[in-house]
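Chemist: Structure incoming, see below.
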Amino acid sequence: MITELLTTPIYCLPITLGLYIGAAWLYKKAKMPFLQPMLVTMVLLILALYFFKIPYQGYAKASELIDFMLGPSVVALGFLLYEQSEILRGRLLTILTSVFIGALVGILTAGGIVYLLGGGEVLAATMSPKSVTTPIAISLSQKAGGIPSLTAVVVVITGVFGGLISPPLFKLLHINNPIAKGLALGTSSHGMGASTAIQLGAVEGALAGMAIGIMGFFTSLLIPFVQWIISLSH
């Protein structure tokens, strides 16, 4: 019965969306960072697939429409940015500089941690694109000589961790500027960060969406450059 519900589109889509809506309601009521709607929905679905022994391929096929809607959702983030376009006036250079530094720090810290823990160049290449959205990260990992499947896992963990820790970290550090919050979430935690940013406010969501695209561009340029610098030092 449960297997049929999660492998048939007419049932699977309403259940998935219903779980997310319920998780979003719970997040607004509880105001607890670890109850981030996307994370709660993901955990519930994983548990359902595991305990009822439902093959992921069946669920993935039944929920293809959700994958398709990822494209229009990017456009929706662009429209959100258009609505908040006033905030870009006089700040474009600052925004670009902030995301560039975020991309550089993300790459260097990932590679640095790998080397400190005794990892090699392959693992460093796998970790370096951890802060960009999954399709870009997988492509960059593959071209840099990393392990794309492991990169995908690292990207998801990075997004989940960033989305969870950011709200309490903002409070701890007294970061109240919505532009700073949005850029930080989009730069460090890609889609999961943008989801958290939207929960915080329209400005945060708009800046996070923009930061995802800029972050992908800068990371694509910086990873080959960093690898080239490393190769010269050998």
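The values are calculated or read from the model by the stated rules, or taken from the named source; none is laboratory data. Not measured: the values here are computed from a predicted model. Cβ: placed from backbone, ideal geometry, glycine included. Neighbour counts: every protein chain shown. Note: areas computed on protein heavy atoms with side chains; ligands, DNA, RNA excluded. Shrake-Rupley method; radii C 1.70, N 1.55, O 1.52, S 1.80 Å.
Chemist: Output the residues belonging to segment 138-153 that are buried (at least 22 other Cβ atoms within 10 Å of the Cβ) and either β-branched (Val, Ile, Thr) or over 9 Å from Thr126 (Cα atoms) (or both).
Modeler: Selection gives Thr151 alone.
Chemist: Considering only helices (runs of 4 or more DSSP H) fully contained in segment 1-71, which possess at least 2 residues that are touching a residue at least 12 places away in the same chain (Cβ under 8 Å) and small (Gly, Ala, Ser)?
Modeler: Passing ranges, in order: 9-30, 56-62.
Chemist: Taking segment 75-97 on its own, how many of its residues are in a helix (DSSP H, G or I), open to solvent by 70 Å² or more (accessible area, probe 1.4 Å) and free of Cβ contacts under 8 Å to residues at least 12 places away in the same chain?
Modeler: Within segment 75-97, residues that are in a helix (DSSP H, G or I), open to solvent by 70 Å² or more (accessible area, probe 1.4 Å) and free of Cβ contacts under 8 Å to residues at least 12 places away in the same chain number 7.
Chemist: Looking for whichever is in contact (Cβ under 8 Å) with a residue 60 or more places away in the chain, of a type in the set (A, V, I, L, M, F, W, C), open to solvent by 60 Å² or more (accessible area, probe 1.4 Å) and closer than 25 Å to Val40 by Cα here; the options are Ile165, Ile157. Which one fits?
Modeler: Answer to the selection: Ile165.
Chemist: Do you know which residues across segment 9-20 are surrounded by 15 or more Cβ atoms within 10 Å (Cβ to Cβ) and either within 18 Å of the chain's Cα centre (by Cα) or closer than 13 Å to Ser63 by Cα (or both)?
Modeler: Cys12, Leu13, Ile15, Thr16, Tyr20
Chemist: Residue check, Tyr59 against (1) within 16 Å of Met215 (Cα to Cα); (2) at pLDDT 75 or above, all met but one. Which one?
Modeler: (1)
Chemist: Would it be correct to say that Leu108 is open to solvent by 40 Å² or more (accessible area, probe 1.4 Å), in contact (Cβ under 8 Å) with a residue 24 or more places away in the chain and touching a helix residue (DSSP H, G or I) at 6+ places or on another chain (Cβ under 8 Å)?
Modeler: In short, yes.
Chemist: Another question, if that's okay. Select from segment 176-201 the residues that are within 11 Å of the chain's Cα centre (by Cα) and open to solvent by 10 Å² or more (accessible area, probe 1.4 Å) and write down the one among them that is farthest from Gly78 (Cα to Cα).
Modeler: So, considering only residues that are within 11 Å of the chain's Cα centre (by Cα) and open to solvent by 10 Å² or more (accessible area, probe 1.4 Å), the one farthest from Gly78 (Cα to Cα) is Ser188.
Chemist: Might you check whether a residue that is crowded, with 18+ Cβ neighbours inside 10 Å, within 23 Å of the chain's Cα centre (by Cα) and farther than 15 Å from Gly163 by Cβ occurs anywhere in segment 21-41?
Modeler: No.
Chemist: Which one of these does Glu204 not meet: (1) in contact (Cβ under 8 Å) with a residue 40 or more places away in the chain; (2) buried (at least 24 other Cβ atoms within 10 Å of the Cβ); (3) of a type outside the set (Gly, Ala, Ser)?
Modeler: So Glu204 meets the others, but not (1).
Chemist: Among (1) at pLDDT 80 or above; (2) over 17 Å from Pro167 (Cβ atoms); (3) open to solvent by 60 Å² or more (accessible area, probe 1.4 Å); (4) of a type outside the set (Ser, Thr, Tyr), which single condition is Met1 missing?
Modeler: For Met1, the failing item is (1).
Chemist: Taking segment 42-55, which residues are under 26 Å from Thr196 (Cα atoms) and either surrounded by fewer than 17 Cβ atoms within 10 Å (Cβ to Cβ) or among the polar types (S, T, N, Q) (or both)?
Modeler: Val43, Leu44, Ile46, Leu47
Chemist: Sticking with this structure for a sec: Counting only residues that are surrounded by 15 or more Cβ atoms within 10 Å (Cβ to Cβ) and touching a helix residue (DSSP H, G or I) at 6+ places or on another chain (Cβ under 7 Å), which one in segment 111-124 is modelled with the lowest pLDDT?
Modeler: Of everything passing the filter in segment 111-124, Gly111 is modelled with the lowest pLDDT.
Chemist: Considering only residues that are farther than 20 Å from Ser195 by Cβ and open to solvent by 10 Å² or more (accessible area, probe 1.4 Å), which ones fall in segment 125-137?
Modeler: Met127, Ser128
Chemist: Would you tally the residues in segment 99-139 being of a type in the set (D, E, K, R) and within 15 Å of the chain's Cα centre (by Cα)?
Modeler: Counting residues in segment 99-139 that are of a type in the set (D, E, K, R) and within 15 Å of the chain's Cα centre (by Cα) gives 1.
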